[in-house]
1. Test Ala165 against the stated conditions and say whether it is among the aliphatic types (A, V, I, L, M), within 16 Å of the chain's Cα centre (by Cα) and either surrounded by fewer than 21 Cβ atoms within 10 Å (Cβ to Cβ) or over 18 Å from Ile50 (Cβ atoms) (or both).
2. Would you kindly identify the strands (runs of 3 or more DSSP E) lying entirely within region 79-195 that contain at least 1 residues that are under 30 Å from Asp3 (Cβ atoms) and of a type in the set (Gly, Ala, Ser)?
3. Any residue at all in region 6-14 that is more than 22 Å from Pro184 (Cα to Cα), assigned to a helix (DSSP H, G or I) and under 15 Å from the mean Cα position of the chain (by Cα)?
4. When you check Ser73 against the structure, is it within 21 Å of Glu144 (Cβ to Cβ), in contact (Cβ under 8 Å) with a residue 12 or more places away in the chain and hydroxyl-bearing (Ser, Thr, Tyr), yes or no?
5. Given the conditions (1) touching a residue at least 12 places away in the same chain (Cβ under 8 Å); (2) more than 15 Å from Ala225 (Cα to Cα), and given that Asp31 satisfies all but one, which numbered condition is not satisfied?
6. Look through Thr145, Thr188, Thr160, Thr140 and report the one residue that is surrounded by fewer than 18 Cβ atoms within 10 Å (Cβ to Cβ), without any contact (Cβ under 8 Å) to a residue 40 or more places away in the chain and in contact with an Asp or Glu (Cβ under 9 Å, 6 or more places away or on another chain).
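Bear in mind these aren't lab numbers, they're just calculated from the coordinates by the rules spelled out. All values derive from a computational prediction rather than experimental measurement. Counting neighbours? That spans all protein chains shown, and the Cβs are built from the backbone with ideal geometry, glycine included.
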Amino acid sequence: MIDGVPYRQVGEPRRGGLVCVADHASNFVPDDISLGLARGLIDSHIAVDIGVAGVAERMARRHNIPAHLAEVSRLVVDLHREEDHPGVVPTTSDGHLIPGNIGADLEGRLKTYYRPYHDALEKWLDDAAPELIISLHSFTPKLETSNEERPWEVALLYNTDDRAARHAIRLFGELGLNVGDNEPYSGTELNATMNRHAEAKGRHYCAIEVRQDLIGTRAEQARYAAMIADVCGRVALALD
């Protein structure tokens, strides 16, 4: 995080194009915040959407899909939750206690990280007037607190507007992928950023989840960046 700014933007949007938003792209924890966790957990899925930053950066640099990426860990403040959501500053994640967040200065974290991130995103999207927003996340193949396997390779989440998602589900399926429909999480419950910046503004969006074991290397990230860029480009055309 540079100069306390909780986001970075890669590439220059062109009006009416495609853009990418990645709320969980970083595991950075500022020096003045102690979460009380082992370093290994800071590198795990509870702190960051593994692989997402690499995919988003490649989409921006190689496929002309500019990106707005978080520069602070979801364990500091979860930018993909509403301000009043009980997990906006999480005290547990996948069975792990986060001691440093118990009694944390909620308002301070919202003021320092959450609101600047979303205020900048709002202005960026207003200026770009995108044809389609790609909200990019990744999910662990298996939670530590569950024995349930997560077989989907990619998934589309949505709340009340599923128009773009329906096209994307079909197109990813035609590529031979196991595609989740509101899996492994339901967008009717977890869709905060797109509810605010897309559905509330009448903007088309694809909220995409990619399984983390498929985007761990640079080659895998390049493959999924190309695939997502192609599918979402075709989704945007279908929505015209």
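1. Yes.
2. Passing ranges, in order: 132-139.
3. no
4. Against the criterion (within 21 Å of Glu144 (Cβ to Cβ), in contact (Cβ under 8 Å) with a residue 12 or more places away in the chain and hydroxyl-bearing (Ser, Thr, Tyr)), Ser73 qualifies.
5. Result: Asp31 passes all but (1).
6. Thr160
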